[in-house]
Amino acid sequence: MSVDTDGTEPRTETDEPGWEVDPDDESGAAVVATVGRQLRLRREAAGLRAAEFGQAIGYGEDLVYKVESGTRIPRQEYLDKADRVLRAEGMISAMKQDVAEVRYPKRVRDLARMEARAVELLSYGSHNLHGLLQTEEYARALLSTRRPALSDDELAQAVAARMARRSILDRSPAPELSFVQEEVTLRRPVGGKMVLRRQLQHLLQVGQLRNVEIQVMPTSHGDHPGTSGRIQVLKFGDGTSVGRTDEEFGGRPVSDPRQLRILELRYGIIRAEALNARESLAFIEEALGET
């Protein structure tokens with residue numbers, strides 16, 4: 001088997017789960033096809049066969065063909081190595097951002113873009129922890145429970161997309177993030193006891209951020225308007241908002257002020273009924289000690 005210039009064996013597509021192109025994502029497929037076409041044209045202009053090019057960048061010939069035909073999304077390191085080998089002077093590496101976004105399903109990309117624009121996020125979770133609060137291993141275990149079961153590629157894509165959304169926690173200026181989580185979301189051992197322990201430790205760390213407030217709704221607090229399921233509201237710098245809840249409005253995002261007022265009213269009551277932030281962190285520490 002041929003080896004890369006650094007002495008490692010070339011990778012194949014089987015080493016890269018989660019990088020298949022979604023055929024139903026027309027805009028994403030178009031981006032990948034364009035990148036693949038540019039890579040092929042530059043490779044041919046350099047006088048390299050696919051096998052030679054693959055050896056030079058440390059990937060298998062079959063993967064090179066899949067990337068160039070637009071059926072496989074190239075990793076960022078693939079593009080960086082291709083840029084160097086083909087002497088593209090940064091033109092290929094510049095495609096990394098567009099390609100990275102395409103890896104995630106369109107609906108997740110749309111959600112991530114909205115979260116990236118938000119100046120305030122309000123979220124009530126009744127069954128699971130909010131995706132922005134999840135560790136990678138917790139997210140993988142949770143997504144693995146979906147039925148029909150996700151394929152390895154779909155699972156890898158879903159986990160990567162969820163982790164990418166967490167960049168909102170490091171954004172500057174920082175948005176105001178408010179989470180109210182039902183007690184059961186802190187008790188259910190998704191992925192096993194150790195996964196839950198690390199998840200609770202992560203919550204304690206995130207809860208220390210100045211722009212993040214995590215509140216717990218104890219199961220004993222039975223009378224509150226969260227029985228209809230999760231609630232989420234995103235507010236933007238231009239004064240507009242978008243929100244959704246599980247049972248009403250068909251579960252679709254809404255932006256009508258009257259509908260948003262209903263969601264904010266419910267969230268305000270839920271927030272008031274929950275433990276405050278200090279009490280909630282103490283509650284999480286107690287749950288961690290019991291796990």
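Values in this text are rule-based calculations from the coordinates and carry no lab data. Note that the structure is a prediction, hence the values are computed from the model and not measured. Neighbour counts are summed over all protein chains in view; Cβ atoms, including those assigned to glycine, are modelled from backbone coordinates with ideal geometry.
Quick look at the values:
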{"item": "Student exercise, the chain dipole from Lys, Arg, Asp, Glu Cβ charges, in Debye to nearest 20", "result": "380"}
{"item": "GNM top mover of ASP238, ASP62, ASP153 - the chain, alpha-carbon springs below 10 Å", "result": "ASP238"}
{"item": "Separation in nanometres of the label points that stand 7 Å from Cα toward Cβ, at SER167 and ASP223", "result": "4.6"}
{"item": "Pairwise centroid distance, computed over Cα atoms, of region 142-194 with region 219-291, Å", "result": "17"}
{"item": "Options GLN201, VAL180, ILE168, ranked by Cα towards positive dipole end of region 149-291, top entry (Cβ charges)", "result": "ILE168"}
{"item": "Dipole of the chain [Lys/Arg +1, Asp/Glu -1 at C-beta], most positive-end residue of PHE283, GLN232, TYR78", "result": "GLN232"}
{"item": "Convex hull (Cα only) mean projected area of region 13-102, reported in nm² to one decimal", "result": "5.0"}
{"item": "10 Å beta-carbon shell around ALA50, net charge (K/R +1, D/E -1)", "result": "-2"}
{"item": "Beta bridges by DSSP in the chain, antiparallel share as percent, to the nearest 5", "result": "50"}
{"item": "Read-out Rg and Dmax of the Cα atoms in Å, derived from the coordinates shown; its label in (i) 17.0, 50; (ii) 22.5, 71; (iii) 18.2, 53", "result": "(ii)"}
{"item": "Approximate spin-label separation ALA282-GLN205, in nm, with each point projected 7 Å along Cα-to-Cβ", "result": "2.5"}
{"item": "Nitroxide proxy distance, nm - points 7 Å out along Cα→Cβ at ALA51 and ARG187", "result": "6.3"}
{"item": "Linear extension gain, SER255 paired with GLU44, 0.36 nm per residue minus alpha-carbon span", "result": "71.0 nm"}
